[in-house]
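A.B. asks: Below is a structure I'd like to ask you about.
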Amino acid sequence: MATKHTHHYLPAQLQWSSVESSFLSLPIPPSHNHPHQPPPFLKLQPPKSYPSPTPYPPTGSANPTNTPIYAPHPTSLNNVPSCIHSASTILTSPGDIAIIGSGLSGMLTLYHILSTAPAHSRPNVMLFEARELCSGATARNGGHAKVKIATLVGKESGGERDKMQAYVAGVIQELERIVVAEGLGEECEFEVRRSLDVFLHEGECEKMKGVYDAAILKGEYWARNIDFVGADEAEKASGVKGAVGAFICPAASFWPYKLATGILEVLIRRFPEHINVQTNTLVTSLEHGILHTPRGALHSEKIVLATNAWTAGLVPSFNGTITPVKGMACHIAPSHPHPVFPHLKTTYNIYFPPGADYLNPRPDGSIVVGGGAWLFPSKDSWYNNFNDAQRFASDVENHWRDGYMQNTFLGWEDSGAGPDSVWVGIMGSTDDGMPHVGRVPEDEYKGVWMLAGFNGGGMALIATAAKAVAKMVLEDLGFEDVKDEFGLLEGMGTSGRRLNKDGRGGVE
Ligand SMILES: Cc1cc2nc3c(=O)[nH]c(=O)nc-3n(C[C@H](O)[C@H](O)[C@H](O)COP(=O)(O)OP(=O)(O)OC[C@H]3O[C@@H](n4cnc5c(N)ncnc54)[C@H](O)[C@@H]3O)c2cc1C
C-alpha cells in the first residue's frame, strides 16, 4: 500500500504541495544575501524519527514502491517538499519531454535540457518520481566522486586507464562548474580535494604498485596524476593504522541529495513555467510514447529514463542487464560536540584485507562511510534486491560500530566516534561495470533515451552523461552522434548487443 508523507517543517508558503498550478511555480523566499546571490536554502529540521519500512517490493515487479525512506543521509532527506499535481495535468505540446526519476541523473538531464534549449523553443518538462523527490540511490550515497586505483588497475590497458581517468576528471570539473555557477557549493559541501587509496595488505598493495610503476616507466598519462607513499610513510601520510602503502589521487566530495534538490530549486526559480514535478507518481509502463501512471496516462513525444536500478520495471529487456544491488552506508560523528583531531582532510578508500570501505569526511568533522560489502550475509539479501526500506542485520552494521574510527585512525582513540545513522540504498549493477547511455535500443521505445546502470560510481559518471543525453533529446541524436563531443567512454553506449538476453541475475 502506498504511503504518502506530509511535511510539517516548511512554512506554508513553501509547501510545494499547496501549489495547484499545472506547471509548478515555487514562491521564492526573499534573499538575505547580496542581491545577485541566490536566495538562501530552505533550512529545515530533520524529522524526529524515521518512518517504519513498509513491505517491498511488489511481487514480480521491478518498479520502486512508494516506501518511505528508512534511514536517510545525516539530516532530513525530504528537505524539499512534495509537489504533487492533480491527475488532470496532461502534456499537450508535441515538444514536451518527460523525465522519469529524480536522482542526480534525472535532475542534471533536466538542468541541461532547460539551460541549453534556446528560449524561444524551451520545452515544458515533466519530472516523474515514484516516491519522494530524490529518494533513490542519490539520496543515500557517500558523495564520493573519484576513480579508485583498483578500478584503474582492473582495466585492460594503459589507454583504457587514461580514458577512464580523463572521463572522471571531466565529471568533477563539470560538477564544480555547475555548483559554482549556481551558488550551490556551500550548501552541498562541494569540495575538490585529494583522496587516498590506503592499503593494509602488502600483497594487494604490491599488485597495484606493479601496474603503477610500469605505467610511470612507459609515461602513461593516468599514472602522472597519482602519487604513491610507501610503507615507511603511509601511516603518517594517511593517519590509517597499519597502512603499508597509499596512492594519492584527485577526487570531489559533496552531499548528492542536496546537490540534486538544489539544482531543482534553481531551475524552478529560473524556468517556473517549464517545469512540472510529479512526485509519488510511479510510471507503471511505457507504450509508444504513452506513460501509464496510477493517476492516469499521458503522452510525451520524448522520454528520458533516469531510473537506474529500476529500469527493467519499464523496459523489461533490461532485466538481468541492470540488476538492483543493495549497498550500505553510515554517518559517523564524535560523541561530543567538539571536532576530533586529526581532522580528516582527504577522502579515503581503505582496503582492509577482506574488502574496501570509502570515507568522505564532512566539513563539520563527521564522516560518511560506505562499503562493508564483504559482510553482506547471503546473495539474496543484497543481489537482485530492490528493498531500500530494509536494512542489513545488526551484525553487518556492527562493522561500523565497535570503535571503527578509533581502531582505524591514529589520534581518534578517545573520540567517542560512532554511527548515528546507518542506511541502505539500491544501485543499478551491470555485468561490464558500465552504465547504459543513449537511445533505448528497441524499436518499440522510439523517442526514449536513458542513462542508467551507474553501479557504485554514479557521482563520478553521471554529470557528463546527463549533459550528453540532454543534447541527444533536444536534437534527436544517439550516443554515437555526441560521444566525441562529450568524451563519453566507448563502453557507455547502450545497445541491443549489451542486453543480457538470458535474463541472468535479473528479476524473476
Ligand atoms: C549506499 C550507497 C552508497 C553509494 N556511494 C556512492 C559514492 O560514494 N560515490 C558514487 O559515485 N556512487 C555511490 N553510489 C552509487 C550512486 O548512488 C548511484 O550510482 C547514483 O545515485 C545513481 O543516480 P541515478 O539518478 O541514476 O539513480 P537514483 O538516484 O537511484 O534515482 C532513480 C530514481 O528513479 C525513480 N524511479 C525508478 N523507476 C521509476 C518509475 N517507474 N516511475 C517513477 N520513478 C521511478 C526512483 O524512485 C529513484 O528516485 C552509492 C550507492 C549506494 C546505494
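None of the figures in this text is laboratory data; all of them are computed from the coordinates on show. Since we're looking at a predicted model, the values are computed, not measured. Every residue, glycine among them, receives a Cβ derived from its backbone with ideal geometry; neighbour counts consider all protein chains shown.
A.B. asks: Highest mean first, how do 421-431, 312-322, 487-497 rank when packing is the count of other Cβ atoms within 10 Å averaged over residues?
C.D. replies: Descending mean neighbour count gives 312-322, 421-431, 487-497.
A.B. asks: Got a sec? Charge dipole of region 398-470, +1 on Cβ for Lys and Arg, -1 for Asp and Glu; which of Gly418, Gly458, Ala468 is way out at the positive end?
C.D. replies: Going by the Cα projections, it comes out as Ala468.
A.B. asks: So, with +1 on the Cβ of K and R and -1 on the Cβ of D and E, and no other charges, what is the size of the charge dipole of region 413-461 about its Cα centre, to the nearest 20 debye?
C.D. replies: Details: 2 positive and 8 negative charges, 65 e Å.
The calculation lands at about 320 debye.
A.B. asks: Let me ask something else. Please name which of Ile290, Ile322, Met405 has its Cα lying farthest along the dipole of region 286-413 towards the positive end, using unit charges on Cβ (Lys, Arg +1; Asp, Glu -1) and the Cα centre as origin.
C.D. replies: Ile290
A.B. asks: How would you rank 341-352, 132-143, highest first, on the average number of other Cβ atoms within 10 Å across their residues?
C.D. replies: Numbers: 341-352: 19.0, 132-143: 26.8.
Ranking the peptides 341-352, 132-143 by packing returns 132-143, 341-352.
A.B. asks: Here's a follow-up. Could you give the distance between the Cα centres of region 227-252 and region 278-357, to the whole Å?
C.D. replies: Taking the Cα centre of region 278-357 as reference, the centre of region 227-252 is 31 Å away.
A.B. asks: Sorting check: for 324-335, 151-162, which peptide has the highest mean count of neighbouring beta carbons within 10 Å, and how do the rest follow? It would help to have the intermediate numbers written out before the result.
C.D. replies: Numbers: 324-335: 22.4, 151-162: 16.3.
Peptide ranking by packing, descending: 324-335, 151-162.
A.B. asks: Using the crude model of +1 on Lys and Arg Cβ and -1 on Asp and Glu Cβ, and no other charge, please compute the dipole size for region 179-261 relative to its Cα centre, in debye to 20.
C.D. replies: 140 debye
A.B. asks: Rounded if a/c is under 1.5, else prolate if a/b is larger than b/c, else oblate: which is region 139-179, with a ≥ b ≥ c the root eigenvalues of its Cα gyration tensor?
C.D. replies: Judged from the Cα gyration tensor, region 139-179 comes out oblate (a/c at least 1.5, b/c at or above a/b).
A.B. asks: With only Lys, Arg, Asp and Glu charged, each at its Cβ (+1 for the first two, -1 for the last two), find how big the charge dipole of region 251-328 is about the Cα centre; round to the nearest 20 debye.
C.D. replies: Using Cβ point charges on Lys, Arg, Asp and Glu, region 251-328 gives about 240 debye.
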